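Worksheet: one structure, shown below.
Derivation of every value follows stated rules applied to the coordinates shown; laboratory data play no part. The shown structure was predicted, so the numbers you read here are calculated from the model rather than taken from an experiment.
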């Protein structure tokens, strides 16, 4: 569908099932232009098509829902934790925690990877967030449920209740962390400073930013890994190439991110009348930038429907672009590299042990069940 839409002129006019009109940017060039222009395409409303109406409850307060000049001030609070040198200092800790997680599944010949490794993202972000390790499992499960997928077998009431329960769990954990003097060199420890940056006495700005970081960090790493494992399990040539590498380099990680494109889209709202790709856009219009489509654009990526492990250059947009490019990209990249190195070190061979179950969502390209049969070294 995206391939066909990329061939059409201008932006595509769409309508949600409940009657909300929006414009869809699907070409790489158009998605890039939307992401690179926060003055025209604002994030301070919502970043998801499913959150509309009055906008996100954290709009204008959380780091991903603010625009310049406020956004850089909020981002500056956390930047010292996310630099390349700061990330490198986390390497041994992440390796140790992830190795411990591997030991819990070592020897199991058949298991659901998603369930067994539910705390995988927490081995990367748990300590950085300042969340106690005993809370990692409950937090990991809650963040998966909070992604808002649709279960065809469930009712709308069940879906809403599950979302409420998941978000309540997350807010409770994060609230407890913030109230108990988290380490100053953690995200939670720096969140209180956001209250001074964002002058809003009606909302708990530190809690909203802690939530934003947790929910922003947890989808990208595990879903990129899930999608890459599905590919490796079904491609003998790629698995053979993978096992011959001494270590995972950045090109493989970048291609995994392009291939998986965990975040399908981000939403923006125009601040004034504008024109993009020859399409007139009135002020206040919703524009969805389809990152997953841009990452398959034939005009930018040669052979885009093939996984090329050493693809270079690779200008994927999985981490976004411009002022809203993911602040945790270095941490996420390191975590994925460590995982793939450990998988190569520990696994002799593996295959799918049933059909993966995909998250039904227009926002996340997610996998919620990944049955694997593994032969360990």
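Annotation for segment 353-377 versus segment 181-215: alpha-carbon center distance of 33 Å.
Take the Kirkwood radius over Cα pairs of segment 35-148, plug it into Stokes-Einstein at 20 °C and 1.002 mPa s, and you get 126 µm²/s for translational diffusion. For segment 148-229, what D do you get in µm² per second when you plug the Kirkwood radius from alpha-carbon pairs into Stokes-Einstein at 20 °C and 1.002 mPa s? Here the translational diffusion coefficient equals 145 µm²/s.
Please compute the Kirkwood hydrodynamic radius of segment 2-376 from all pairs of different C-alpha atoms, in Å with one decimal. With all distinct Cα pairs of segment 2-376 included, I get 21.5 Å. Let me have the 222 nm mean residue ellipticity of the chain computed from DSSP H runs of 4+ only, each contributing -39500 (n - 2.57), with the sum over all residues rounded to the nearest 500. Helices in the chain give a 222 nm mean residue ellipticity of -14000 deg cm²/dmol.
Normalised size of segment 246-301, defined as Cα radius of gyration per 2.2 N^0.38 Å with N residues, equals 1.56.
Length gained on full extension, residue 89 to residue 8, computed as 0.36 nm times the residue gap minus the Cα-Cα distance: 24.4 nm. Annotation for segment 18-80 versus segment 238-278: alpha-carbon center distance of 18 Å. Assuming a ≥ b ≥ c are the square roots of the Cα gyration tensor eigenvalues, decide whether segment 159-207 counts as rounded (a/c under 1.5), prolate (otherwise, with a/b larger than b/c) or oblate. Since a/c reaches 1.5 but b/c is at least a/b, the shape of segment 159-207 is classed as oblate. Out of every Cα-Cα pair that segment 164-297 contains, those further apart than 22 angstrom amount to 62 percent. How would you classify segment 6-70 from its alpha-carbon gyration tensor, with a ≥ b ≥ c the square roots of the eigenvalues: rounded for a/c under 1.5, else prolate if a/b is greater than b/c, otherwise oblate? Because a/c hits 1.5 or more and a/b fails to exceed b/c, segment 6-70 counts as oblate. The Cα atoms of segment 243-377 give a gyration tensor whose axes a ≥ b ≥ c have a/c of 1.5 or more with a/b greater than b/c, which makes the shape prolate.
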